[in-house]
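The values are calculated or read from the model by the stated rules, or taken from the named source; none is laboratory data. As the structure is a prediction and not an experimental result, all values here were calculated from the model. In this analysis, Cβ positions are derived from the backbone assuming ideal geometry, glycine residues included, and neighbour counts consider all displayed protein chains. For the accessible areas, the whole protein counts, side chains as well, though only heavy atoms, and no ligand, DNA or RNA atoms are used. Shrake-Rupley method; radii C 1.70, N 1.55, O 1.52, S 1.80 Å.
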Amino acid sequence: YVAAQTRKWSAQPGLHQNQILLANLKKATNTVFGRDHGFADIQSYTDFKKQVKVQDYEGLKTYIDQVVEGKPNIVWPGLPAYFAKTSGTTSGTKYIPISEESKYTHFTNARNATLSYVHETGKADFLDGNLIFLSGSPELDVVNGIKTGRLSGISNHLVPGYLRTNQKPSYATNCIEDWEEKLERIIDETLPANMTLISGIPPWAQMYFDRIIARTGKKIKDVFPNFSVFVYGGVNFEPYRAKLFDSIGKKVDSIETYPASEGFIAYQDSQREEGLLLLLNSGIFYEFIPTETYFSDNPTRLSIEEVELGKNYALVINSNAGLWGYSIGDTVKFVSKNPYRLLVTGR
């Protein structure tokens, strides 16, 4: 079902993107940001570009600060379901809103990446074993009534019940703040388990593997003989690839994902084709700025149907969590247009 739905929306990229833009604008028309930027008068992407400029977190900060203060209807109706707390290089701590509408996409798209793998390869035995999602603590703070934490911790709350029975580690272990202690407890819990899928950002996965090898004297393939799928994302994988697979000791299939606090952007939908499938029906309207024009006074802004293969673009999002003209600081390059697949060239 998921594969069929994916084929359907990916065959009509412009249609779905235009529908998302107009739906998001309509929903946010009566927000403070929507009124300030004339959302009620916007009928097209051309109109939108005239009304809303591209900006980074600093550009949206006066609005986001009001949301953090607990004021509703600022960038999106009501208040966010969560704040994803991130560390910015220029803005200090960032509070990225995650709305009721956007929150489920963070888990659903991770699930769909796995289902795409099963559909293409026919391999599903790993779903009967134990899986681990190496993540931050799921314990969240509350900022003016809004639950706040790291994205990986928030994502733990979105895992459905049908997966919790074979998910590692336990909730209590996952809540341990000290990483060294937490890692030892994770290993205590997973060593006797039938681990078949391991997921996490590459540096955390490497630390996990290193500790297991140090404790057992064995490669990962000998500790977890049924381990067959590695899911990763969040950082550039290439600096970690050789050591990670050497630690495992055998070839395992891998699924790359492209999650960000601002939204789940893309995932690897094929083991045979290059690139990550851009998620064009997931509540985000994307814009692309050729990197050579990014710092100009009037940068070129392109919709999905205007991009070219092999060119570097700065990625801009307009989301169903209230991020408008938001440059997330990443660059991408398209390697396919049917469907639209990309490589992340800078994070």
Treating only the Cα positions of segment 262-323 as identical point scatterers, give the base-10 log of I(q)/I(0) from the Debye formula at each q in 0.16, 0.25 Å⁻¹. -0.60, -1.15
Of the candidates 14, 263, 149, which one comes out as most mobile in a Gaussian network treatment of the chain with C-alpha springs shorter than 10 Å? 14
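In percent, what relative contact order does the chain have, based on Cα pairs under 8 Å that are 6 or more apart in sequence? The partial results should precede the final answer.
Working: 626 pairs, mean separation 62.9, N = 347.
Answer for the chain is 18 percent.
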To check you understand DSSP bridge types, tell me what percent of the beta bridges within the chain (both residues inside) are antiparallel, rounded to 5. 65 percent
Residues whose built amide H sits under 5 Å from the amide H of residue 345, excluding neighbours closer than 5 in sequence, are 331, 332, 333
With a bin width of 5 angstrom, please list the P(r) values of segment 1-114 as percents of all Cα-Cα pairs, from the 0 bin to the one holding the largest distance. 2, 10, 16, 19, 19, 16, 12, 5, 1
Estimated FRET transfer efficiency when R0 is 35 angstrom, pair residue 253-residue 55 (beta carbons, to 0.05): 0.35
Please list, in order along segment 276-284, the HN-Hα scalar couplings obtained from phi with the Karplus expression 6.51 cos²θ - 1.76 cosθ + 1.60 (θ = phi - 60°), rounded to whole Hz, x for Gly and Pro. 10, 6, 6, 8, 8, 10, 10, x, 10
Protection proxy ranking, peptides 50-61, 194-205, average beta carbon neighbours within 10 Å, highest first: 194-205, 50-61
Calculated Rg and Dmax of segment 237-347 using C-alpha coordinates, Å: 15.2, 51
The chain - percent of accessible surface contributed by carbon and sulfur, probe 1.4 Å: 49 percent
J(HN,Hα) series, segment 251-259, from Karplus relation 6.51 cos²θ - 1.76 cosθ + 1.60, nearest Hz, glycine and proline x: 7, 10, 5, 10, 10, 8, 10, 10, x
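On average over all directions, what projected area in square nanometres does segment 222-298 have, based on the convex hull of its Cα atoms?
About 7.7 nm², averaged over all directions.
Probe of 1.4 angstrom, ligands and nucleic acids ignored: what's the accessible area per residue over the chain, in square angstrom?
Details: 15570 Å² over 347 residues.
Value for the chain: 45 Å² per residue.
At 1.002 mPa s and 20 °C, plugging the Kirkwood radius over alpha-carbon pairs of segment 97-152 into Stokes-Einstein gives what diffusion coefficient in µm²/s?
155 µm²/s
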So what J values fall out for segment 316-322 if you push phi through Karplus, 6.51 cos²θ - 1.76 cosθ + 1.60 with θ = phi - 60°, rounded to Hz, Gly and Pro as x? 10, 10, 10, 10, 7, 10, x
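Does segment 41-184 classify as rounded, prolate or oblate by the C-alpha gyration tensor (a ≥ b ≥ c root eigenvalues; a/c under 1.5 gives rounded; else a/b over b/c gives prolate, otherwise oblate)?
Values: a/c = 2.44, a/b = 1.47, b/c = 1.66.
It is oblate, given that a/c is not under 1.5 and a/b is not larger than b/c.
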Enumerate the amide H contacts of residue 273 below 5 Å, restricted to partners 5 or more residues apart or on another chain; note that Pro and chain-start residues carry no placed amide H. none
Please state, as a whole number in µm²/s, the translational diffusion coefficient that the Stokes-Einstein equation yields for the chain at 25 °C and 0.890 mPa s, with Rh defined as the Kirkwood radius across alpha carbon pairs. 116 µm²/s
For segment 18-76, what is the per residue volume of the convex hull drawn over the alpha-carbon atoms, in cubic angstrom? 79 Å³
Using amide H atoms built in the peptide plane, which far-off residues or other-chain residues are under 5 Å from residue 150 H to H? 85
